[in-house]
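Readers should treat all values here as calculations from the given coordinates under stated rules, not as data from a laboratory. The model shown is predicted, which means the values in this text are computed figures rather than measured ones. Here Cβ is always computed from backbone atoms with ideal geometry, including for glycine, and neighbour counts include all displayed protein chains.
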Ligand SMILES: Cc1cc2nc3c(=O)[nH]c(=O)nc-3n(C[C@H](O)[C@H](O)[C@H](O)COP(=O)(O)O)c2cc1C
């Protein structure tokens, strides 16, 4: 029920290769401000949610006082772009961000909102799922319809009505992330039965009913709070200090300059945990991935992955 998305093994393997030589991995994170203006900046990849790759949820940390935080509260759509220089691979991801901060955490629903719409979009893909069950392969390369074949598949998926709407940060998200307290075997058992169900079902109504019954519990408020603390504890002393500095982006005055200096010299009279109130974790819930492998020797390949329902993804091979 919670399983690696088909893009995740290539992405994780690229992360590992890059980390052999680099201390950290940075990526470009973009959103739009309230005037619709695009905003891009460098951020550091902080691993996967709950330190569990199978959530497929990517983390970075930020200051609650930053512009991006304020903007994401109103419109949580994002694009993130990772380029792995050693492998010549790019992963471009779109989806919705959610934050874990003081009193705010992601609200996850599985198949509760717009359930009919989600089910009917999945129904369109019924043939794909059937062909998957016939071929027995885990992640088929689906053939787009002729109408789609000349369109740019990545844009096709993110420009549809559901995705194009602004989504405030406190809107519930339909995404499969199971509470870390659920034992691994139970997660696996549910995943296996869901897979079986999707492959062997006779009707969508039946699959839908069974799917809803199988729903496992999402993380609790306490688990979100400890995830924020886990991420804070991973930060270096210097990185923690930035959260107690004066308002990011505000005009530098003499007074602020003195404060910055005392923080840098560790003589500002605060403890190492101060600044935590400004610390937020941004969770990237990915819906579409555009993976470009420029490889070596001109053998380029490009895949687009779209999340259907729950953690069911569809893979398209597209022209590079
Ligand atoms: C190498 C590098 C890594 C950075 N990592 C982060 C990060 O993880 N989180 C973050 O909020 N800002 C990070 N920044 C700073 C942002 O790029 C940006 O300048 C700052 O967050 C303000 O952006 P905003 O005003 O759009 O919110 C990083 C900058 C650099 C150069």
Which of (1) within 16 Å of the chain's Cα centre (by Cα); (2) on the phi < 0 side of the Ramachandran plot; (3) within 14 Å of the ligand (Cβ to nearest atom); (4) surrounded by fewer than 18 Cβ atoms within 10 Å (Cβ to Cβ) is the odd one out, the single condition residue 75 does not satisfy? (4)
Matching entry among 67, 80 (being surrounded by fewer than 16 Cβ atoms within 10 Å (Cβ to Cβ), touching a strand residue (DSSP E or B) at 6+ places or on another chain (Cβ under 8 Å) and either more than 28 Å from residue 10 (Cα to Cα) or touching a residue at least 60 places away in the same chain (Cβ under 8 Å) (or both)): 67
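Restrict the check to the stretch 268-280 and report whether at least one residue is within 17 Å of the chain's Cα centre (by Cα) and within 30 Å of residue 86 (Cα to Cα).
So in the stretch 268-280, the residues within 17 Å of the chain's Cα centre (by Cα) come out as 280.
Narrowing the set further to residues that are within 30 Å of residue 86 (Cα to Cα) leaves none.
No, the conditions are met nowhere in the stretch 268-280.
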Touching a helix residue (DSSP H, G or I) at 6+ places or on another chain (Cβ under 7 Å), within 13 Å of the ligand (Cβ to nearest atom) and either within 25 Å of residue 169 (Cα to Cα) or without any contact (Cβ under 8 Å) to a residue 60 or more places away in the chain (or both): is that true of residue 94 in this structure? no
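What residue, among those in the stretch 78-91 that are within 16 Å of the ligand (Cβ to nearest atom) and in contact with a helix residue (DSSP H, G or I) (Cβ under 9 Å, 6 or more places away or on another chain), is farthest from residue 279 (Cα to Cα)?
Just the residues of the stretch 78-91 that are within 16 Å of the ligand (Cβ to nearest atom), to begin with: 78-85.
Narrowing the set further to residues that are in contact with a helix residue (DSSP H, G or I) (Cβ under 9 Å, 6 or more places away or on another chain) leaves 78-79, 82, 84-85.
On the way: 78: 20, 79: 22, 82: 23, 84: 28, 85: 30 Å.
Looking at the filtered set, the residue picked out is 85.
Looking at the stretch 2-22, can you tell me whether even one residue there is near the ligand (Cβ under 9 Å from one of its atoms) and more than 16 Å from the chain's Cα centre (by Cα)?
Taking the stretch 2-22 first, the residues near the ligand (Cβ under 9 Å from one of its atoms) are none.
Checking the stretch 2-22: not a single residue is near the ligand (Cβ under 9 Å from one of its atoms) and more than 16 Å from the chain's Cα centre (by Cα).
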Output the residue which, of all residues in the stretch 39-66 that are assigned to a loop (DSSP other than H, G, I, E, B) and within 24 Å of residue 274 (Cα to Cα), is nearest to the ligand (Cβ to nearest atom). 66
Failed item in (1) within 15 Å of the ligand (Cβ to nearest atom); (2) under 17 Å from the mean Cα position of the chain (by Cα); (3) closer than 25 Å to residue 293 by Cβ, with residue 31 passing the rest: (3)
